[in-house]
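Read the structure below first, then the notes.
The values are calculated or read from the model by the stated rules, or taken from the named source; none is laboratory data. Model, not experiment: these values are computed from the prediction. Cβ placement follows ideal geometry from the backbone for every residue including glycine, while neighbour counts extend to all protein chains displayed.
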């Protein structure tokens, strides 16, 4: 927590003591003046949130609603009307507020003077850049703009700007879908990304594609909808994962085929060959003839029967869908593998059904070869000025790419990074861009979806930032060019304005409507889903391709899988404590990096979990602690991207290792992508050990029925269902006053029967007629993506505690996603059974925590909520001891004071108390939202709170639609409807008679659960 | 040196011939202390410094300086709390229960045991304060009238604890004080200056009149009767802190008798631990005889058997319950992360006391001293096992965790022994650690001293 006394602290103490000596009767050390608004801004009512619609700046382009309080953005939600987000954004989306209030953002433009950077004014910075570009052009050298993802208008501006200065633009993405784009071009002649309609498929094959890990809320929702059992209980899609390692996506599968790394293409072609009859394969018919199931069995290491069975099922499926390798599976033949899956889809009749080609999606698919060429040009000295925007290639490219050297030698380097990163650290001029929540812009992830990005608040005043678009316009004007606007806002409006030049008033009205909805144009629902712009047919590829298993570099005995982190992606989200402390959805490890290895492999080498091992390829080596994972092949190890930053703010710097250090620069052909699944490594122990910063205690639920499941075939006949765990419905006896021991039916699923007749329900549960709030969580829908955890942190001011505290077991999260293994077998193709269970306070009707609190700091509200009164808590921790779910978390230190620097505390939700040292806290079911809705209902004529009006942070963040909040006592409410199911159960209720208000619906498996383990 | 028995059964020593000798020998302990005492006292003062500074650091920084975590919200602090409450038992048992039962061997040890009780409960009482997160609000556990009608939750065993411990402390302190009055008066009569005034005030003007003796006797019996149920109640209530919860390994009906037996066991062991060196340092062999130690050893042996029975029945019932959380909790005790604590407990409390079956061991003060140390360690670990191993693997396997005590926690735990020692050492110097008046009661009535020739005849 502290590093001894700092000079600054010493001076503070000195100052305070002298002040104390001269003054008497001092109150708080810093007296802040609270002034009410003298003239209240029109849009702001103190205590009432104002919402703004905007768009997230990642290539997926989710629509957002941002809640602001008194002019500060405090929470991000998904825009429910947006076709992609549909009310939820990904975990990085929720964490964007931490980047907005990141204390490591630059205070202003930074100008290099020798070894150090000094802060300058914007005018100075812009004149400097203009002068440099002028000199450069005069010297006949190029201006280069290396840009990550940007909206279409910003892209247009950059191109116009570069047109004025004779510059060129290079697109660079640390995580790129180039092979898929190239494969689509090869297969159909359309240079775009296809759209996979996961939602409507009934048999989904993922060939090492980790769409949930890559953060697509649309695909997450799609998987949840296709894969969960429908209301009637009749259909449930099947998801088969083929890959060497189970990602979060893979852990959701029904079956796992632990194929040899890189064998996707051969399998896909063999399946296609098995399915294809006659000429359905078009020009690929002759290619398919050379692939049989037997070949695929050899290539993949999976037995023939399993593959043949899969092929038959894929052929029989009405709406099959196969997805080719994503970034984690980009081996040397990744384009071929993606092409093979497109052929498989085509042959199985998925084209136009679940695979749609031609939707205009091209985002984040630029090949590595583009930047490689740019590096060459820089190295040759052709480039005099490099502008880097929205990308951090100095970190995310392997050392062998030569970026650092070439970039370093360029005479004038400009970064638009808003906070320090590895590339900005090398720059001569840093012109900090605004965060997207402070910026104007637009986003167009695909045809039919064009959305507005607008500032949701005044720029954070601690940082003198300027939007990159405005900077380019200013520099252009210094250079004497006219780009048609003086600000980016004007530039963004101009095309729309031109369209309505005859009706300026109507335009303003329409513009306001755009800002209100966050979207350009109406009738956006559908959002380009399933749009086939033109009928397409398979074509002969115009490049030579190899479909066989790729070779792997090096002489190591283990194949290295490098995959984007579900939390940090390619590393751009690493400097956020929420992301760092969020348990990885797969490993449940926080903060640091880890190497995944199969327990069998580790045992053979005498390695144990927590051993720090040296992972060495021919290109580099890193020391990283070992984590044993049965979901990875025995001949592979895996390392996530996003760690090992050398210069990226206070939290990310020095945290973990950079997987790119192990990778060679291998350009996958023909897409030009950087192959990441390309090398083998050796793993040797260093002899050191460490305690892993994990939240996981045990991954075995010991048949306690905590995360329960039921077999699909057993649904509908609940009398004889084979549910696992504590399935018995014994009569429970309860002591009732002086009435003696009487039976209590604890398993009464009738939601209206609360409190259960005759039962003693903890504290204050007397006859109450109002609602009984509760949750329904469908385990068949939950994908374990963990966005709910970040949303909960943001909503409820849950502090982060730091790596050392997580190691001690002191994480503060109110909601954790437990991950239990039931059946994970990396040795052969078999069913997979991994259970995700979101676990928060269960709001027990008969709560064990309540009677033990000596001061009533925890008690039961008449509405069924187990409430925690923070300022009454003395901190005996008895409630936490007595909580069987272990969902109570304790403030061991002043985490909220000590860990949260200015202005990160601007994010705090003013509706929720910020807790201090020595007290217990836990999930409140977003009590403040309930009160808010009740107040609103009271103001609107004393109506009842409507069902769905109150949404918990976890519910609204759940793109898988697994969590629903509502009144359990109202039989018409969504939550009552949902839990009126044979799958409903309450965790540990049969054993302990806690009568939780959180109801779970069992996961539904395609295999027989009773034999499953 | 032959040891005889009076008609009332008290143990006597031939060296004590006159009642005056008792005054002399006991009050000698209150005179100028030796180097050994000062060395011990200096050590204790240093230890108290450690204790208080660690505590204040914890108050300043937060409970985080301990090793406590989720799911182990109680650790060394509560372990040590229960340990000290347990220690506090022997004193009242020896002074009150054995007094009521007229056990003949208690006279020379009960004062020291009572002192130990008061100081042990005083030490124990600090631990709930040490372990709460916001000690400045700890008074909220006490029911006091307030304008907001906020009362403690009388359903909570922690509130019962407040009553049990404060009552026990009050009664045992008063009982202790009452018993010392005649002896303090004796000390007053010998003392001079400030000490005389101080003792004079403490002895409440005791003159030793018949009427005073009469009242004294009545009050003493009355308080003994009052303290007796408390011996059983306080540790029963402390055991309910655990038994009333639903934690596997805590939730058991056997807890109250099990804890009381354990408390007596550890308390008597602690009396042995304290009296063995005291006997040596102050040369009290004549008063604290081998017979006394033999009786205490027998009490230890008996309670050891009760405690061992409780251990075994817990293991059996866990198996018999058929519930996995319960079974796992006890399997985990024996073979889990904290196996060493459990085996320390079993060896120290179950197996080492087996040696007390042998009379030779019971009559060897050094052997008893060593065994008593083992029992002290074993009983501390018993509470550690109950508190920590039960919590660390509970119902929800995903939330299991491992607790490691921190340096601050161990400092406070070790410091509490010095805190206790500090008060106990002061006690040995300021109050007669052996009850003068009760010893006199059981000595033969004073007689004219025989001539030395007659003595020689009598011995022939």
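Within the stretch A:416-467, how many residues are over 20 Å from residue A:364 (Cα atoms) and not in a loop (DSSP other than H, G, I, E, B)?
Within the stretch A:416-467, residues that are over 20 Å from residue A:364 (Cα atoms) and not in a loop (DSSP other than H, G, I, E, B) number 8.
For residue A:885, only one of the following conditions fails: (1) modelled with pLDDT under 95; (2) surrounded by 23 or more Cβ atoms within 10 Å (Cβ to Cβ); (3) in contact with a strand residue (DSSP E or B) (Cβ under 8 Å, 6 or more places away or on another chain). What is its number?
(1)
Can you name every one of the strands (runs of 3 or more DSSP E) wholly within the stretch A:130-198 that holds 3 or more residues which are within 30 Å of residue A:284 (Cα to Cα) and in contact with a helix residue (DSSP H, G or I) (Cβ under 8 Å, 6 or more places away or on another chain)?
A:193-196
Select the helices (runs of 4 or more DSSP H) contained entirely in the stretch B:263-372, then report the ones holding at least 2 residues which are within 14 Å of another protein chain (Cβ to nearest Cβ), at pLDDT below 95 and more than 22 Å from the chain's Cα centre (by Cα).
Counting at least 2 such residues, we get B:324-335.
Considering B:105, B:74, B:84, which residue is crowded, with 19+ Cβ neighbours inside 10 Å and farther than 30 Å from residue B:255 by Cβ?
Checking each option against the conditions leaves just B:105.
Give me a count of the residues in the stretch A:679-713 that are away from every other protein chain (no Cβ under 12 Å), surrounded by fewer than 20 Cβ atoms within 10 Å (Cβ to Cβ) and not in a strand (DSSP E or B).
Within the stretch A:679-713, residues that are away from every other protein chain (no Cβ under 12 Å), surrounded by fewer than 20 Cβ atoms within 10 Å (Cβ to Cβ) and not in a strand (DSSP E or B) number 2.
So, in the stretch B:121-164, how many residues would count as being part of a loop (DSSP other than H, G, I, E, B) and more than 24 Å from residue A:889 (Cβ to Cβ)?
11
Would you check if residue B:165 is within 14 Å of chain A (Cβ to nearest Cβ) and closer than 30 Å to residue B:436 by Cα?
On the way: within 14 Å of chain A (Cβ to nearest Cβ): yes; closer than 30 Å to residue B:436 by Cα: yes.
So residue B:165 passes the test.
Each row is one residue, and each column tells you yes or no for (1) out of contact with any strand residue (DSSP E or B) (no Cβ under 6 Å at 6 or more places or on another chain); (2) crowded, with 24+ Cβ neighbours inside 10 Å; (3) in contact (Cβ under 8 Å) with a residue 24 or more places away in the chain; (4) not in a loop (DSSP other than H, G, I, E, B).
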| site | (1), (2), (3), (4) |
| --- | --- |
| A:855 | yes, no, no, no |
| A:897 | yes, no, no, yes |
| A:902 | yes, no, yes, no |
| A:906 | no, no, yes, yes |
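Among the residues that make up the stretch A:942-951, is at least one of them crowded, with 22+ Cβ neighbours inside 10 Å and under 25 Å from residue A:996 (Cα atoms)?
Yes, that holds for at least one residue.
Please pick out the residue among A:210, A:202 that is in contact with a helix residue (DSSP H, G or I) (Cβ under 8 Å, 6 or more places away or on another chain) and more than 26 Å from residue A:546 (Cα to Cα).
A:202
Can you confirm whether residue B:138 is closer than 30 Å to residue B:103 by Cα and within 14 Å of another protein chain (Cβ to nearest Cβ)? Spell out how you get there, then give the answer.
On the way: closer than 30 Å to residue B:103 by Cα: no; within 14 Å of another protein chain (Cβ to nearest Cβ): yes.
So residue B:138 does not fit the description; no.
May I ask you to list the residues in the stretch B:391-417 that are without any contact (Cβ under 8 Å) to a residue 60 or more places away in the chain and either touching a strand residue (DSSP E or B) at 6+ places or on another chain (Cβ under 6 Å) or within 16 Å of residue B:132 (Cα to Cα) (or both)?
Selection gives B:398 alone.
For the condition within 17 Å of residue A:826 (Cβ to Cβ), in contact (Cβ under 8 Å) with a residue 40 or more places away in the chain and surrounded by 24 or more Cβ atoms within 10 Å (Cβ to Cβ), what is the one hit in A:268, A:253?
Only one candidate passes the filter, namely A:253.
Regarding residue B:117, is this residue in contact with a helix residue (DSSP H, G or I) (Cβ under 8 Å, 6 or more places away or on another chain), surrounded by fewer than 15 Cβ atoms within 10 Å (Cβ to Cβ) and assigned to a helix (DSSP H, G or I)?
no
Which of the numbered conditions does residue A:887 fail, given that it passes all the others? Conditions: (1) outside any helix (DSSP H, G or I); (2) more than 33 Å from the chain's Cα centre (by Cα); (3) within 12 Å of another protein chain (Cβ to nearest Cβ).
(2)
What is the residue count in the stretch A:315-349 for residues that are in a helix (DSSP H, G or I) and surrounded by fewer than 24 Cβ atoms within 10 Å (Cβ to Cβ)?
Residues flagged as in a helix (DSSP H, G or I) and surrounded by fewer than 24 Cβ atoms within 10 Å (Cβ to Cβ) within the stretch A:315-349 amount to 2.
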